[in-house]
Amino acid sequence: MKLPRKSKQWLREIEKVVDDVSKQLEGHEKVSKAQFEMVLSVIADSISKNRNIEKTKILERSGEVVDALAEYLTSIPEEKRDWTGITAFLYMKFHQVLGLINEYQILKIFDSKLPFS
């Protein structure tokens, strides 16, 4: 398993998963539970492919990630919530709960301007 060395590489990965999620959610104003589970699945697929980790191992940690998402969403104003930010948060949080990166590394990655925001 190889992690990107540079923030730009991380951001390209995140941009790709954001695009994949956006395609799946296209035309939906509200997201149902099934669609949210699909979002988690798309993110897990990407991590599985990029890190060579079984998807089931990734999804086993989804409870922790969803709990963290609830905290994240309450910390930002509603008008600033969007699927780009949510997807990026979920992608990085899965990496964190899997023990692949820590909070400091996440902050370094996002220190540069996101190309898709």
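FYI, it's all coordinate maths here, none of it is from the lab. Bear in mind the structure is a predicted one, so any value in this text is a computation, not a measurement. No Cβ is skipped: glycine too gets one built from the backbone with ideal geometry, and neighbour counts run over all protein chains shown.
What the table shows:
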quantity	calculated
In Hz, Karplus ³J(HN,Hα) per residue of the stretch 7-23 (6.51, -1.76, 1.60; θ = phi - 60°; x = Gly, Pro)	4, 4, 5, 4, 5, 5, 4, 5, 4, 5, 5, 4, 4, 4, 5, 4, 4
Distance from the stretch 17-78 to the stretch 79-108 (C-alpha centre basis), Å	11
Farthest toward positive dipole pole in the chain [+1 Lys/Arg, -1 Asp/Glu at C-beta], among 84, 4, 95	4
Order of 91, 104 - criterion: other Cβ atoms within 10 Å of each residue's Cβ, fewest first	104, 91
Which of 53, 14, 76, 43 has the fewest Cβ neighbours within 10 Å, and the rest in rising order	76, 53, 14, 43
J(HN,Hα) series, the stretch 72-84, from Karplus relation 6.51 cos²θ - 1.76 cosθ + 1.60, nearest Hz, glycine and proline x	4, 5, 6, 8, 10, x, 4, 5, 9, 7, 8, 6, 5
Exposure proxy ranking, count of Cβ atoms within 10 Å, fewest first, for 95, 28	28, 95
For the stretch 14-55, convex hull volume per residue from C-alpha positions, Å³	55
Global size of the stretch 7-108 as Cα Rg and Dmax, reported in angstrom	13.0, 36
Proximal aspartates and glutamates to residue 30, defined as alpha-carbon separation beneath 16 angstrom and excluding residues fewer than eight positions away on the same chain	78, 79, 82
Of 8/33; 8/108; 57/80; 33/108; 2/80, pairs whose Cα-Cα distance is over 22 Å	8/33; 57/80; 33/108; 2/80
Added length on full extension, which subtracts the Cα-Cα distance from 0.36 nm per residue, residue 55 to residue 103	15.0 nm
Estimated 222 nm signal from helices in the chain, with DSSP H stretches of n ≥ 4 weighted -39500 (n - 2.57), rounded to 500	-21500 deg cm²/dmol
